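Asker: Right, I'll just put the structure down here and ask away after.
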Amino acid sequence: MAAEKQARSNCEMPAQDRHIVIAIDGPAASGKSSVARELAGRLGFVHVNSGAMYRAVTWDILRRGIDPRDHTRIDNYLEHTRIVCDLQNNESHILINDNDAAQHLRDDYLNKIVSLVSSVPRVRQVLVEKMRHYARDYDLVIEGRDIGSVVFPDTPFKFYIDALPDVRLRRRAAEGQRDEIATRDRADSSRVASPLVIAKDAEVIDTSNLSIKGVVSEIAARLETKGLRVAGPRKAGQPLL
Ligand code: CDP
């Protein structure tokens, strides 16, 4: 019983007490993934794409014929499903009952449904716990919608990146995807469970006129002012903070 209680309290421990967490939130097609990947590479941190986790669960729910509006069935599905979050090339990677959804995460139909599934509270609970697990073992750059507001509210390194709607539309189209980003943004911002918000202590960056490298440099500069060493190669053993 005592061990169980301890395990539970470890689960609830603010993970960033031990590892550095850089939270990058923002609306659809704001450039979060490219920026987070590049920044994580520069820092030697793990890159966690939380959106990919919601997309993978959505993929599995749909292929099983579960109605994405049926919260009771989704809760039951989660009870009987093994979700494993591990790493591939320093990036988060998700397996659902040993099935890898990676090839499907950007399918057009998922863009339409993912906001519905991600609004189910139990889905969020399960996946947020997985995200916090990563921070127990690794320094992270983690991107999403509620990372600074809900998943890691105590991290001092929070960014909200945005771009004008037509710029974001063009970026998504250039990726060859059909994605009604305005509809998805509305759904993500208006849901009850952990909506997309700008965390009150987040640094907001408008990326409309910036390249990926430009955004990363901007974030790196702001991290440096917060005392996190980013620029230049780090000597082995030299602390980041
Ligand atoms: O890449 P893009 O910004 O288009 O979306 P994504 O990051 O792959 O996220 C896909 C969807 O997952 C979002 O529209 C949200 O509904 C959901 N999501 C979420 O609810 N919370 C997060 N932390 C990340 C994503």
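Asker: Of all the residues that make up the stretch 55-66, how many are open to solvent by 20 Å² or more (accessible area, probe 1.4 Å) and over 20 Å from Asp188 (Cβ atoms)?
Answerer: Total satisfying the criteria: 3.
Asker: Here is a follow-up. Of these, Asp146, Asp154, Asp188, Asp137, which one is out of contact with any Pro (no Cβ under 8 Å at 6 or more places or on another chain) and charged (D, E, K, R)?
Answerer: So the residue among Asp146, Asp154, Asp188, Asp137 that is out of contact with any Pro (no Cβ under 8 Å at 6 or more places or on another chain) and charged (D, E, K, R) is Asp137.
Asker: Next question. Go through the stretch 32-49 and count every residue that is within 10 Å of the ligand (Cβ to nearest atom) and surrounded by fewer than 24 Cβ atoms within 10 Å (Cβ to Cβ). Step through it out loud before you land on a result.
Answerer: The initial filter retains those residues of the stretch 32-49 that are within 10 Å of the ligand (Cβ to nearest atom), namely 32-34, 36, 48-49.
Still in the running and surrounded by fewer than 24 Cβ atoms within 10 Å (Cβ to Cβ): 33-34, 49.
Total meeting the criteria: 3.
Asker: Then there's this: Need pairs with beta-carbon distance below 7 Å; first residue in a loop (DSSP other than H, G, I, E, B) and within the stretch 193-215, second among the aliphatic types (A, V, I, L, M) and open to solvent by less than 70 Å² (accessible area, probe 1.4 Å); sequence gap 6+ or separate chains.
Answerer: Correct list of pairs: Ser194/Val150; Thr207/Ile161; Thr207/Ala163; Thr207/Val215; Ser208/Ala163; Ser208/Val167.
Asker: For the stretch 138-173, which positions are open to solvent by 20 Å² or more (accessible area, probe 1.4 Å), modelled with pLDDT of 95 or more and among the acidic types (Asp, Glu)?
Answerer: Passing the criteria: Asp139, Asp154, Asp162.
Asker: If you don't mind, there's one more thing I want to ask. Give the stretch 175-205 a look and list any residue that's modelled with pLDDT under 90 and more than 10 Å from the ligand (Cβ to nearest atom), or say none.
Answerer: Gly176, Arg178, Glu180
Asker: Still on this structure, please answer the following. Provide a single number: the residues in the stretch 154-183 that are within 30 Å of Glu224 (Cα to Cα) and over 17 Å from the mean Cα position of the chain (by Cα).
Answerer: Just the residues of the stretch 154-183 that are within 30 Å of Glu224 (Cα to Cα), to begin with: 154-165, 167-168, 171.
Now narrow it down to the ones that are over 17 Å from the mean Cα position of the chain (by Cα): 163-165, 167-168, 171.
Count: 6.
Asker: Sticking with this structure for a sec: Which one is surrounded by the fewest Cβ atoms within 10 Å (Cβ to Cβ), of the residues in the stretch 107-137 that are over 14 Å from Ala52 (Cβ atoms) and of a type in the set (S, T, N, Q)?
Answerer: Ranking the qualifying residues of the stretch 107-137, first place goes to Gln125.
Asker: So, in the stretch 83-106, how many residues would count as being open to solvent by 50 Å² or more (accessible area, probe 1.4 Å), touching a Leu at 6+ places or on another chain (Cβ under 8 Å) and either more than 21 Å from Ile147 (Cβ to Cβ) or within 16 Å of the ligand (Cβ to nearest atom) (or both)?
Answerer: 1
Asker: For the stretch 135-147, which positions are part of a helix (DSSP H, G or I) and in contact with a Ser or Thr (Cβ under 7 Å, 6 or more places away or on another chain)?
Answerer: Looking only at the stretch 135-147, we keep the residues that are part of a helix (DSSP H, G or I), and these are 135-137, 147.
Ile147, the sole residue that qualifies.
The values are calculated or read from the model by the stated rules, or taken from the named source; none is laboratory data. All figures in this text were calculated on a predicted structure; none of them were measured in a lab. A quick note on method: Cβ atoms are made from the backbone with ideal geometry, for glycine too, and the neighbour counts reach across all protein chains shown. Just the protein is used for accessible areas: all its heavy atoms, side chains included, with ligands, DNA and RNA removed. Shrake-Rupley method; radii C 1.70, N 1.55, O 1.52, S 1.80 Å.
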